[in-house]
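Below is one structure, written out as structure tokens, with a few remarks after it.
Computed from the coordinates by the stated procedures, all read-outs in this text should not be read as laboratory data. This is a predicted model, so every value here is computed, not measured. All Cβ positions, even for glycine, are placed from backbone atoms using ideal geometry, and neighbour counts span all protein chains on display.
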């Protein structure tokens, strides 16, 4: 075996070792030290001795690893976001399912309500026609009896009278009986059609049946107009509710404080948007600004009226600021200045009052000529008063007769059209709304013909807009609501919910409708167009 000194130095396995000891910092071996692969334990590799491509490769791999980590985090975040969206979608689908179920139930409840209304309107139409037919039959029977009794011994004058009666009763008159026919389809769709029937009738005369003449003319003039309470939607034919008003504001509550109301009654809106509300239970007038904040109170019940029962009813204000207030208890029209000072008293039996032929004034309004119109339920008149803007004294007066228990009156300042409600009675007169042109001639009668819209039960608040559409607060047998009768077409219920004895209606300059909800002791404002 060769000795250590005899071995040849192998290339690549020699190294010069430099050792450090505690005593001597540097010890150098002059002779080389050889390591064989078998004897070697490690091969020293310094980073400074690594090739450039290794460093570059390791750096590239490290960057790739970082990008993969980022990608994994992004994927995890995206998965969590998608899962949240799926959970929200499931919750939304459940909510939509509940909403659709509630809507279907509501639609069918609304359908049942409309069907009940159709049935009532059909019954009312039949009653009207039957009443007219029965009345005509009675007239014919009476005339036949007179002819049989006096015909053989009648002289010339009696003969001519009987013959005129025959001619009058046999003259042709035509009345249209309008009924609604409803079909329930298997696909749960409702189809409503109008079925018209014409009955030939002879002329009807006499003061007791002038209203029946109005019914005949009403039916004849509008027999070609369709009445469809269910209409087609944009997505197809289906069940749809009629156009309804949208509540946009409500203010007031029961009480006697500054901003409270107690049985609000008549209401008037000025051209500037102020509201004048008769606060009947508190015996005062509440005045609001454009934001409907109470800015003024007019208290007519002063010391001279403290012992009287003040049943204030309706209010109107002209462009000069004069305030007209009707008082049912005093049977008078009170006129105040813009500051609330009493200027004049028209009608009634009070000391200092002026007899203006007012016995029971109820509704009051102001016209485009700045005149006050007062409805007298007892006299059956509408009285127009032009007053002095400073003193409230009467300058001109016009009295129009021929109305049956006129109650409330409204006027449009743009067109000059007026509307007056008649209350009806137990002797056959039914309530109705008459629309008048500026010359006081009646051009429309509403609320008595089901072919023109709902039949009125007990009309209260009343107003007419610049399109000629008439709005009426009606106290039905089951519900209180606001009805609209358009100038063309068929009327329908506009507000059907959450009203309790609405007494007054008015229109703001922006077109919104004001309702005094009496038993709820508040004022409600609706958008209806």
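Based only on other Cβ atoms within 10 Å, what is the fewest-to-most ordering of 170, 457?
Fewest to most other Cβ atoms nearby, the residues stand as 170, 457.
As a test of understanding, state the convex hull volume per residue of region 340-469 from its alpha carbons, in Å³.
Value for region 340-469: 123 Å³ per residue.
Based on Cα positions only, what radius of gyration and what Dmax would you give for region 442-483, in angstroms?
Calculated on Cα positions, Rg and Dmax stand at 10.5, 31 Å.
Take the Cβ-Cβ distance between residue 61 and residue 83 as r, set R0 to 22 Å, and report the resulting FRET efficiency rounded to the nearest 0.05.
0.10
Can you sort 294, 523 by how many other beta carbons sit within 10 Å, fewest first?
Ranked by crowding around the Cβ, least crowded first: 294, 523.
If you average 1/r over every pair of different alpha-carbon atoms in region 113-154 and take one over that average, what Kirkwood value in Å do you get?
12.6 Å
Considering every pair of different Cα atoms, what Kirkwood radius, in Å, is found for region 246-527?
For region 246-527, inverting the mean 1/r across all distinct Cα pairs yields 18.5 Å.
Between region 314-335 and region 401-416, what is the separation of their alpha carbon centroids in Å?
Here the answer is 16 Å between Cα centres.
What is the Cα coordinate range of region 403-529 on the first, second and third principal axes, sorted by size from largest, in whole angstrom?
37, 36, 24
State, as an integer percentage, the relative contact order of region 246-527 based on alpha-carbon contacts under 8 Å between residues 6 or more apart.
That works out to 15 percent.
Would you kindly state how much longer the chain becomes between residue 290 and residue 429 on full extension, computed as 0.36 nm times their sequence separation minus their alpha carbon distance, in nm to one decimal?
Extra length available between residue 290 and residue 429 comes to 45.9 nm.
By counting other Cβ atoms within 10 Å of each Cβ, how are 519, 513 ranked from fewest to most?
By the 10 Å Cβ count, ascending: 519, 513.
On a C-alpha basis, how far is the centre of region 431-500 from the centre of region 79-134 in Å? Whole number, if you could?
For region 431-500 versus region 79-134, the Cα centre distance is 25 Å.
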